[in-house]
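Trainee: Structure provided below as structure tokens; questions to follow.
Taken together, the values in this text are just the output of simple stated rules run on the coordinates, not laboratory data. As the structure is a computational prediction, the values presented were derived from the model and not from experiment. Neighbour counts run over all protein chains shown; Cβ positions are idealised from the backbone, glycine included.
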Amino acid sequence: MDQPIALVTGGQQGIGRGIAAVMAARAYHVVIWDLNREAVAVAARELGGSGYAVDVTDFGAVAEAVTVVEEEQGPIAVLVNNAGINRDRMLHRMSEEEWDQVVDVDMKGPFNVMRHVVPRMRERKAGRIINISSASWQGNVGQANYAAAKAGVIGLTKTAARELARFNITVNAICPGFIDTPMTRRMPAEAFQVMLDKIPMGRIGTPEDVGRVVAFLASPDAAYVTGDVINVGGGMVL
Ligand code: NAI
């Protein structure tokens, strides 16, 4: 395959889908991972890419899937850690399960995938890693689990950037603000409006707004950018 490969986790819908669409339009072969085998296959077909059912919380399954993707598709040039969940609740009511689930997907997930992709990128002395954190990493009421996990992703990003710079691998994070996806459409109408009112640009973001910044970070234009965090939120401050 001559096209560079961009792997997007959680690429079946929402922001991941938008990122995959922008990358496909820029001549990458997109490989998407998501939980549901049928849905990921349909999305991959629509994107003109390849889809695999992979749970990013499963260290062993991720190891195997990275090997399969590189054997079947070729070297992963760009890794986008996008898969994420939220389980919002006030701290004094949050269950252990709600904490564990969010930390597992949102923080351990990116580690699992990087742990298995990075040795291959180091060997090739080339690679781009873009981690999707969130504006919430700085703190947001009802999101102690999510904010902690997303802050963890920034620490992971900055550390990996320092370790991998000499291997010509850049690692950056994007913090989306409030983006129109199934995740945000699940919010109660009142909470949705409160968030909208916080956006100086006066509109909710689109998955493609995030996708275009991913494409920039993956492009030669961003060759000298690493360990950085870019907000994509229409000026929103939580
Ligand atoms: P979404 O819920 O619409 O899509 C997330 C995708 O990840 C789904 O397709 C889901 O099946 C997949 N996924 C969940 N757990 C997985 C696992 N264990 N393994 C593989 N795939 C899994 O969410 P959305 O809104 O598109 O969010 C994408 C990312 O952007 C997440 O990391 C989220 O935290 C982040 N984000 C979203 C914002 C928003 O306003 N929508 C704002 C800031 C950050």
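Trainee: Can you compute the helix-only [θ] at 222 nm over the chain? Use -39500 (n - 2.57) per DSSP H run of at least 4 residues, normalise by all residues, nearest 500 deg cm²/dmol.
Mentor: It comes out at -14000 deg cm²/dmol, rounded to the nearest 500.
Trainee: Amide H to amide H, which residues 5 or more places from Val31 or on other chains are under 5 Å from it, using H placed in the peptide plane?
Mentor: When sequence neighbours closer than 5 places are left aside, the close amide H contacts are Ala6, Leu7, Val8, Ser50.
Trainee: Follow-up. Using packing as a proxy for protection, rank 184-193, 63-72 so that the peptide with the highest average count of other Cβ atoms within 10 Å comes first.
Mentor: Details: 184-193: 11.2, 63-72: 15.2.
The densest-packed peptide leads the list: 63-72, 184-193.
Trainee: Here is a further query. HN-Hα J couplings of segment 129-146 from phi, Karplus 6.51/-1.76/1.60, θ = phi - 60°, integer Hz, Gly and Pro as x?
Mentor: 10, 10, 9, 8, 8, 6, 4, 5, 4, 8, x, 7, 4, x, 10, 4, 5, 5
Trainee: What nm value, rounded to one decimal, do you get for the distance between Lys125 and Leu35 when each label is placed 7 Å out toward the C-beta?
Mentor: Each label point is offset 7 Å from its Cα along the Cβ direction, giving 4.2 nm.
Trainee: Name the residues whose placed amide hydrogens come within less than 5 Å of the amide hydrogen of Asp88, ignoring near sequence neighbours (fewer than 5 apart) on the same chain.
Mentor: Correct list: empty.
Trainee: Relative to the longest principal Cα axis of the chain, at what angle does helix 37-47 sit, 0 to 90 degrees, rounded to 10?
Mentor: Rounded to the nearest ten degrees, it is 70.
Trainee: Between Asp197, Asp58, Asp209, find the one with the highest GNM mean-square fluctuation for the chain; connect C-alpha pairs within less than 10 Å.
Mentor: Among Asp197, Asp58, Asp209, the largest mean-square fluctuation in the Gaussian network model of the chain belongs to Asp197.
Trainee: Which of the peptides 139-148, 161-170 is most tightly packed, and how do the rest follow, judged by the mean count of other Cβ atoms within 10 Å per residue?
Mentor: Highest mean packing first, the order is 139-148, 161-170.
Trainee: Would you be so kind as to identify which of Thr206, Thr157, Phe167 lies farthest towards the positive end of the dipole of segment 5-232, taking Lys and Arg as +1 and Asp and Glu as -1 on Cβ and the Cα centre as origin?
Mentor: Phe167
Trainee: Run down the lysines and flag those whose C-alpha is under 18 Å from the C-alpha of Lys108, throwing out any fewer than 8 positions away in its chain.
Mentor: Lys150, Lys158
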